[in-house]
Amino acid sequence: MTTNLGNMSDHVSAEQPVLTIDRLQVTFATDGGDVHAVKDVSLEVAAGEVVAIVGESGSGKTVTAKTILGLLPETAVSSGAVVINGNNVISVSKSTLRKIRGRDVAMVFQEPSTALNPVFTVGWQIAEGIRAHAPDGRRISAREAKQRATEALRKVGIPDPETRVNYYPHQFSGGQKQRVVIAAALALNPGLIVADEPTTALDVTVQAEILQLLRDLRDNYGTSIVLITHNMGVVADLADRVVVMYQGDVVEEASSRVLFAEPRQEYTRKLLAAVPHLGRNSASEGARGRLHQEGKVLVEAKNLTIEYPGRFGRHGFKAVDDVSFTVSENEVFGLVGESGSGKSTIGRAIAGLTRTTGGSLKVLGYEMLDFKERTFRPLRKEIGFVFQDPAASFNPHLTIGECVAEPLLIHTKPGAAEARKKVGELLESVQLPASYAERYPHELSGGQRQRASLARSLALNPRLLIADEPTSALDVSVQAKVLDLFKDIQEQYGFAALFISHDLAVVDMLSHWVGVLYKGRLVEQGIGNHVMGSPQHDYTKRLIASLPVPDPDEQARRREAHRTLLGG
C-alpha cells in the first residue's frame with residue numbers, strides 16, 4: 001500500500017517501516033457467535049512518524065492496538081500479519097514475543113492508576129521491565145536497573161527523579177502518573193510506542209504537557225507512535241497521518257492536514273462535525289447581560305469554604321476557599337477547572353453529600369452550613385444528579401427500569417403499574433425505547449447508559465440538576481447526541497443546572513454563565529462566550545490556550561501561543 005507521510009522528511013520515508021499491518025483480521029468467539037472485531041486492516045508506520053487511529057467505541061481501534069503487542073485474549077483468533085522488526089507478532093513464539101515487547105514496541109495504557117501496581121514503588125516497576133527484557137545472557141543488577149529507571153523518569157520530565165524513583169503511585173498526580181507509565185514504556189528505548197487514549201482522563205493543561213512530551217520523544221529520539229484516540233483535537237495536535245476505523249474496517253486514511261481539510265468519507269465528515277468547537281454554538285451567543293437573572297435564585301454561595309480535616313496532627317485541606325456565586329431558575333451555570341480545583345466538591349456540597357465548613361450556601365432556600373439530613377431530606381427530591389460514570393452509579397444487579405424508578409420508589413412510592421408507566425415515559429424522553437427498562441446496565445452502550453442516567457435524574461422533575469463530567473468518557477459523536485439531548489431537555493423541563501466539566505468547549509455549548517475555579521478559588525465568572533472569548537484572568541487564558549482544536553494549522557499556532565504564554 002502507498003503510505004502518505006505528510007510532512008515527513010525524505011530520508012525517513014526511505015527507511016523500512018517500523019510497523020507493517022497487512023490484512024489483519026481478529027475474531028472473538030462468544031456464546032452468541034463469532035464477533036468480527038477487525039475485518040481487513042492494513043497500514044504502515046514509518047520511523048519517527050505519529051499515526052493516529054480514530055473511531056468510535058467498537059470500531060476496532062483498541063483491538064488493533066493490542067494485536068501489535070500480542071495482548072489479545074485466548075478467545076481471539078487472528079490472521080494476516082503484524083510485522084515489527086522483521087517479526088510477525090501473530091505467529092512468533094511466546095519467548096520471541098516477550099523479547100519484542102519493551103525492546104521493539106511498548107504500550108502506554110489509558111488509565112495509569114490501573115496500569116501501575118499500588119504496592120510497589122514506580123522505580124521498582126520500571127526496573128522490573130528493564131531486568132525482564134535484558135539482552136540474552138546478561139544480568140542487570142538492581143542498582144543499574146534503578147539508575148536506568150531514574151534516567152527514564154528524567155527523560156519524561158519528572159522533577160527530582162533521584163528521589164521520586166522511590167515514590168509509590170499514589171504520591172503522584174494524574175498527569176505525573178501518566179508520565180511514569182510513558183517512562184516505563186521508554187525504559188528500553190523501543191522504536192514504537194502504542195498509546196491507547198493517553199490523555200482521555202487528563203485536564204487540558206496536563207493534556208498539553210503530555211502531548212508536548214510525546215512530540216519531544218518523536219523529535220528528539222525518533223520514536224514512532226501509534227496513537228489511539230477519539231479526541232480529534234489531540235489528533236490535530238500530534239498526528240502526522242490519520243487512519244479512520246468504522247466497524248472493524250479502515251474507511252479513510254490521509255495526512256492530518258488533508259483529513260481535516262478535505263475528508264472524503266461521509267463517516268469521517270460526521271465524526272469531525274460532532275467535535276465541539278469553542279465559540280461555535282455557544283449557549284450564551286449574543287448575550288450582553290446575565291440570562292435568567294430575573295428568575296428566582298435556587299443556589300446562593302457567599303464566601304463559601306469547604307475544608308477537609310487533617311489527620312495525625314496535620315493541618316486540614318481547604319478544597320473551596322471564599323467562593324461566591326448564584327444559580328437562578330432555568331439557568332445553566334458551567335463550572336470549569338482542573339482536577340483538585342474544587343468543582344466536584346461544590347457540586348457534592350449543593351447535593352448535601354459534602355459538608356460546608358464556612359461562609360454560606362443556600363440551596364432551594366435551605367442553609368447548608370451545619371445542615372441536618374432529617375430536615376434536608378424533603379428537598380432531595382428537588383435535586384437531580386447525573387454522575388460522571390453511569391456504569392459505576394448503576395446497580396449492576398438491577399434492571400435499567402429498576403434503577404430509573406429508584407428515586408420514585410424512595411420519595412413518592414407509586415404503585416407498580418404507575419412506576420412502569422413513568423419509567424417508560426422517562427426513557428422515551430431521553431430517546432431510549434421503553435423496552436430498555438428490561439435490560440441490565442451492562443447491556444447498554446456508554447451513551448445509552450448516560451441517557452438512562454439522565455432519565456433517572458429527571459424522575460422527580462427536579463428544580464435543580466447537578467451534572468458532574470457527564471460526557472467525559474463518551475465518543476465525540478455519542479457526546480454530541482447526549483449534549484443536544486441535555487440542551488433540549490433543559491429547555492423542555494426548565495430546570496436550573498450546575499454543569500461541571502474540564503472540557504471548555506462542552507461548557508461553552510451548554511452554559512449561560514461560566515465560573516472558573518483554580519485551587520479552590522473562583523478566579524473569574526461571567527457570560528459564557530465572554531469568558532471563553534476574552535478571558536481576563538491569567539489562569540483562564542492558560543486553560544483556554546491548552547485546549548487542542550481540531551485543525552492542525554490552527555493548533556500549531558495555538559501551541560506556539562501557549563508556549564509564549566508559559567514563557568517557554
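The values are calculated or read from the model by the stated rules, or taken from the named source; none is laboratory data. Keep in mind that this is a model prediction, so the values were computed, not measured. Glycine gets a Cβ as well: all are built from the backbone with ideal geometry, and neighbour counts include every protein chain shown.
Selection over segment 329-369 of residues that are small (Gly, Ala, Ser), in contact with an Asp or Glu (Cβ under 6 Å, 6 or more places away or on another chain) and either outside the structural domain of ALA496 (by TED's automatic domain parsing) or closer than 20 Å to PHE495 by Cβ (or both) gives a count of 2.
Taking residues in segment 297-309 that are basic (Lys, Arg), and partners anywhere that are in a strand (DSSP E or B), the pairs with Cβ atoms closer than 7 Å and at least 6 places apart or on different chains are LYS302/SER324; LYS302/GLY359; LYS302/SER360.
Yes/no per residue for (1) of a type in the set (Asp, Glu); (2) closer than 15 Å to VAL386 by Cα; (3) in contact with a Gly (Cβ under 6 Å, 6 or more places away or on another chain):
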residue	(1), (2), (3)
ARG451	no, yes, no
ARG456	no, yes, no
ASN461	no, yes, no
LEU465	no, yes, yes
GLU491	yes, no, no
ALA497	no, yes, no
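For LEU335, the conditions (1) part of a loop (DSSP other than H, G, I, E, B); (2) in contact (Cβ under 8 Å) with a residue 40 or more places away in the chain; (3) closer than 16 Å to ALA301 by Cα all hold with the exception of (1). All conditions but one from (1) among the polar types (S, T, N, Q); (2) buried (at least 20 other Cβ atoms within 10 Å of the Cβ); (3) over 25 Å from THR67 (Cβ atoms); (4) touching a residue at least 40 places away in the same chain (Cβ under 8 Å) apply to THR205; the one that does not is (2). Scanning segment 166-180 for residues that are within 21 Å of ILE140 (Cβ to Cβ) and buried (at least 20 other Cβ atoms within 10 Å of the Cβ) yields a single hit, VAL180.
Here is the figure for segment 67-96: residues that are over 27 Å from ASP31 (Cβ atoms) and hydroxyl-bearing (Ser, Thr, Tyr) total 4.
Which residue is nearest to THR223 (Cα to Cα), if the candidates are limited to segment 237-256 and must be charged (D, E, K, R) and buried (at least 18 other Cβ atoms within 10 Å of the Cβ)?
Among those that are charged (D, E, K, R) and buried (at least 18 other Cβ atoms within 10 Å of the Cβ), it is ASP240.
Looking at segment 226-233, can you tell me whether even one residue there is at pLDDT below 90 and of a type in the set (Val, Ile, Thr)? Checked segment 226-233: at least one residue is at pLDDT below 90 and of a type in the set (Val, Ile, Thr). The sole residue among LYS343, LYS362 that is buried (at least 21 other Cβ atoms within 10 Å of the Cβ), basic (Lys, Arg) and out of contact with any Phe, Trp or Tyr (no Cβ under 9 Å at 6 or more places or on another chain) is LYS343. Against the list (1) out of contact with any Lys or Arg (no Cβ under 9 Å at 6 or more places or on another chain); (2) modelled with pLDDT of 80 or more; (3) not in a strand (DSSP E or B), the condition ARG23 fails is (3).
Listed here are the helices (runs of 4 or more DSSP H) enclosed by segment 391-506 that have at least 1 residues being in the same structural domain as GLY334 (by TED's automatic domain parsing), surrounded by fewer than 23 Cβ atoms within 10 Å (Cβ to Cβ) and of a type outside the set (D, E, K, R): 476-493. Here LYS302 meets each of (1) among the basic types (Lys, Arg); (2) more than 16 Å from GLY515 (Cα to Cα); (3) at pLDDT 90 or above with one exception, condition (2).
When we screen GLY286, GLY310, GLY295, GLY279 for residues that are more than 32 Å from the chain's Cα centre (by Cα) and not acidic (Asp, Glu), the only hit is GLY295.
Pick out the one residue from LEU259, LEU271 that is surrounded by 23 or more Cβ atoms within 10 Å (Cβ to Cβ), outside any strand (DSSP E or B), more than 18 Å from the chain's Cα centre (by Cα) and not β-branched (Val, Ile, Thr).
LEU259
Do we find that ALA496 is of a type in the set (Gly, Ala, Ser) and touching an Asp or Glu at 6+ places or on another chain (Cβ under 6 Å) in this structure?
yes
Among the residues of segment 114-137, is any outside the structural domain of ARG179 (by TED's automatic domain parsing), at pLDDT below 90 and within 23 Å of ILE225 (Cα to Cα)? Checked against the condition, which is being outside the structural domain of ARG179 (by TED's automatic domain parsing), at pLDDT below 90 and within 23 Å of ILE225 (Cα to Cα), segment 114-137 yields at least one hit.
For THR199, the conditions (1) among the hydroxyl-bearing types (Ser, Thr, Tyr); (2) more than 25 Å from the chain's Cα centre (by Cα); (3) part of a loop (DSSP other than H, G, I, E, B) are fulfilled apart from (2).
Test GLY528 against the criterion of being touching a strand residue (DSSP E or B) at 6+ places or on another chain (Cβ under 8 Å), on the phi > 0 side of the Ramachandran plot and crowded, with 21+ Cβ neighbours inside 10 Å, and give yes or no. The answer is no for GLY528.
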